[in-house]
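Please read the structure below before turning to the comments.
Each reported figure results from applying straightforward, stated rules to the coordinates on display, with no laboratory input. From a predicted model like this one, the values you see are computed outputs, not experimental measurements. When we count neighbours, we look across all protein chains shown, and the Cβ atoms used for this are built from the backbone with ideal geometry, even at glycine.
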Amino acid sequence: MQISRHSFTLLAGAAASALILSACGGGSSTPAPQAQAALTVAAASTTLDPSGTTVLSSSGGNGTGLTTYNATGACTVSGTTLTASSTSSGACTVTATKAADATYSAITSSALTVTVRAPQAALTVAAASTSLSAGGTTNLSTTGGNGAGLVTYQSTGGCTISAAVLTAPATDATCSITATKAADGSSFAQATSTNTLTVTVTVPSTTFLTFDETTPPTLTAFSGANTMAATIETDPAGGTNKVAKLVKSAGSDTWAGATLSKCAYPTNALPVIPLSATNKKMSMKVYSSVANKVIRLKLEDASDGTHTVETEATVTAAGAWQTLTFDFGTAATGTAAWNAAYTYNKASAFPDFGNTTAVTMYIDDLKFVGVASVAQTCMTPPPAPTAAATVPTVAASKVIAVYSNTYTPVATGPFPTSWSNPTSGDNLVIGVNTARKLGSLVFAGLEPSAPIDASTYTKFNISVWTSTGTSFKVKLVDFGANGTYQGGDDVEHELTFTAPTQNAWTYYSINLSDFTGLTTKSNIAQIIMVGSGGDYYIDDIFFSKP
């Protein structure tokens, strides 16, 4: 075959082109990858406590390559989170790497140093005293820890802290105390105390009644219809301790209650409860059959029933013990305020005061709040007569006796009556004579079983002995022809005798005509004696005629 010169020239040119392309790597062209801008790694915090964490980030670099982080030393990395070792301290080195992409080659940052603080030695919190009275203070301290970090204290439960001084609240409380020692630069981590300190706060108090006394307290129930009962029973919530049980029947008086006492003198008394300008509170545990019921507590002078103070608290739960506070600085509506000049040595409780519905309440641990170790001393009884009253000489045929050893008395009910104050009396036997003691006499009634016809008699006679009484009154009540109390024809009159002779018998022989309001005398049904609060002894009560 023949080739023309022209064809040879074309072939030669193609071969040359093929040789050139072969020398340049083929038939296509790819540019070389570019270097990224400088990459910098950063951390939100460069100082960590053991097990502490921080967030890593980076700046700079180029392209879409993924950024990853690497750490050596006392740290580990997960994603962008750097975690300090829990057991090692010192430096950890962190770098960031941004991967290559189609345009840029990979790049690694310069190293960042993150310091892991050393853990402090165990920190322990302590107090100079862990038992405080309300409002008391104690100094706090710590042992252990490391470095120069500031120590601070934290409290729950009502206590407050200023610097290292803890102050107790004004109420019973249990406070929990911890301490924190701040980090010391990059050397030591913050430390929290390994213990929690308990500080117990109690309001000083003196217990007057627990109902577990060797000699049980006396409970004296009162109500106009005898619908109130008071007994000492076992704790209804379980256990063997004793408590007072107050049972108010349906239809009972709104003021039904019970007097709580442990002193023989005065009658129905307690040791003196020292209310003062700064301490006017008592507390009492109450367990009620019904929730949201008011219980009233009344204090008074056992020798003078006109000296009183009353206040109330509310039981908010049924079937559970609650400790209620009775603040006599806030007297119950319509009652007398606390009086610094009065003696308070008698206590009475009124369950569900103001209502007539049935309720059962248990009470326990009557305490005076504010002072510890108040003396529990009962008052010494005043002198009693050692000699009998002078024997009256009126002939028995001219006498109607109501109470007497000298004469045969008519039948009577209890002396004193259940509506009296006091509600009971005692006999004082002197030789062959018996006088009737009316302790802490406010008023006492004596009712003959049948009305007395004294219309033909001229004198009312009575013998009285007192060591402290400052007055004595006597009232005669005639029920009228129908013989019924408040039957519409009742008449009465009261006479007052001031400054009776003290520590000696006084024989009163009173003209019936002096009872000017006693316009009829044929149905005398009540004789009422009124004292000034001290003990009175009574003998020889009789009507006489010439």
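Things worth noting here:
- Projecting label points 7 angstrom from Cα along Cα→Cβ for H493 and T214 puts them 5.6 nm apart.
- Only one of (i) 104, 26, 16; (ii) 55, 29, 20; (iii) 112, 27, 17 was calculated from the structure for semi-axes √(5λ) of the Cα gyration tensor in Å, and its label is (i).
- Order by protection proxy (mean Cβ within 10 Å, highest first), peptides 137-143, 538-544, 498-504, 96-102: 538-544, 96-102, 137-143, 498-504
- J(HN,Hα) series, segment 517-524, from Karplus relation 6.51 cos²θ - 1.76 cosθ + 1.60, nearest Hz, glycine and proline x: x, 8, 6, 10, 9, 9, 9, 6
- Of all DSSP-defined beta bridges confined to the chain, some 95% are antiparallel rather than parallel.
- Working note: Karplus 6.51/-1.76/1.60 with θ = phi - 60° gives segment 187-201 the couplings 8, 10, 6, 4, 10, 10, 4, 7, 10, 10, 8, 9, 10, 9, 10 Hz, where Gly and Pro are set to x.
- Taking the C-alpha atoms only, the angle from helix 5-23 to the longest principal axis of the chain is near 40 degrees.
- Distance from segment 372-394 to segment 270-288 (C-alpha centre basis), Å: 28
- Simple spin-label estimate for S397 and T174 in nanometres, 7 Å along Cα-Cβ: 8.4
- One decimal place: the segment A504-T519 gains 2.1 nm when fully extended, by the rule 0.36 nm per residue minus the C-alpha distance.
- What the Cβ-Cβ distance of T76 and T325 gives, at R0 = 51 Å and to the nearest 0.05, is a FRET efficiency of 0.30.
- For the residue pairs K346/K367; K245/K298; K280/K437; K248/K293, the C-alpha atoms sit more than 23 angstrom apart in K280/K437.
- Computed lengthening from T306 to S449, 0.36 nm per intervening residue step minus Cα-Cα distance: 48.4 nm
- Under 5 Å, built H, 5+ apart or other chain: amide partners of V442: N421, G531
- For the chain, the mean residue ellipticity at 222 nm estimated from helices alone is -1000 deg cm²/dmol, where every DSSP H run of n ≥ 4 contributes -39500 (n - 2.57) and the total is divided by all residues, rounded to the nearest 500.
- Per-residue ³J(HN,Hα) for segment 414-420, Karplus 6.51 cos²θ - 1.76 cosθ + 1.60, θ = phi - 60°, Hz, x for Gly and Pro: x, 10, x, 5, 5, 8, 7
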